[in-house]
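Here the structure comes first, spelled out in structure tokens, and everything after it is commentary.
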Amino acid sequence: MPPKPKVTRGIVLEAALELMREEGMDAINARNVAKKLGTSTQPIFSQFSSMEELREAICAYAEHLYNTAMLAAMQSGDNGFLAMGLAYIRFARTEKRLFQLLFMSNRLQQEKVTEIAGTTEGDDQVIAMIGSMTGLSADQARKLYAGIWFTTHGIASLVATNSSAMDDEEAQAVLGGVFKGLLATLKREGEEL
């Protein structure tokens, strides 16, 4: 009789991710993951000490996918800031459940909504890029980033919940208009000081 194939940590995580993408985080329990694997629950707990550890691994993987998409957009050679906004919306479109986990759950909590801009890995680079692109001060660039982020997040949330089928062209037009409006307002405010 051949030996049973070893269920690795990666195999357990892949099964849990597939389940997450299909049904959401509420479906991630030992019984459902084992069913997806076609095994008992034992292989899960030989790779993860608890279901919470598996859920944390799912979150870390979702963050990795998201950060990879944002970095690729930032380095695309196009208008990096606009490309990042469009990549954010595409992530919401193609990874609805992972987007909801990262950005539409209680994982994203700030005391003040304006604190969202500048608290995520890579935000300082984006804010510096905006400043060099536009000539805005660091504080103004942070405000511009926050305004665009709120707009982008709103569109992405609609897309992730199937409330909108906005395509890239329409999203680009909306983001471009908001960017121009905020930039003009912030430059006017800067001149008034």
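Distance from the Cα centre of segment 175-193 to that of segment 36-102, in angstrom? Cα centroid to Cα centroid, the span is 33 Å.
Using 1/(1 + (r/R0)^6) with R0 = 22 angstrom and r between the beta carbons of residue 22 and residue 51, what's the FRET efficiency to the nearest 0.05? With R0 = 22 Å, the Cβ-Cβ based efficiency is 0.80. Couplings 3J(HN,Hα) for segment 150-167, derived from phi with the Karplus relation 6.51 cos²θ - 1.76 cosθ + 1.60 (θ = phi - 60°), are 4, 5, 4, 5, x, 4, 4, 5, 5, 5, 5, 9, 6, 8, 8, 10, 3, 8 Hz, where x marks Gly and Pro.
Each of 123, 168 has some number of other Cβ atoms within 10 Å of its Cβ, and from fewest to most they run 168, 123.
Highest mean first, how do 34-43, 139-148 rank when packing is the count of other Cβ atoms within 10 Å averaged over residues?
Highest to lowest by the protection proxy: 139-148, 34-43.
Can you list the residues of segment 56-74 with backbone N under 11 Å from a point 7 Å past the Cα of residue 94, pointing along Cα to Cβ? Inside the label zone: 66, 69-70, 73. Convex hull volume of the Cα atoms of segment 1-48, normalised per residue: 71 Å³.
Each reported figure results from applying straightforward, stated rules to the coordinates on display, with no laboratory input. Just so it is clear, the structure is predicted and the values come from calculations on it, not from any experiment. Here Cβ is always computed from backbone atoms with ideal geometry, including for glycine, and neighbour counts include all displayed protein chains.
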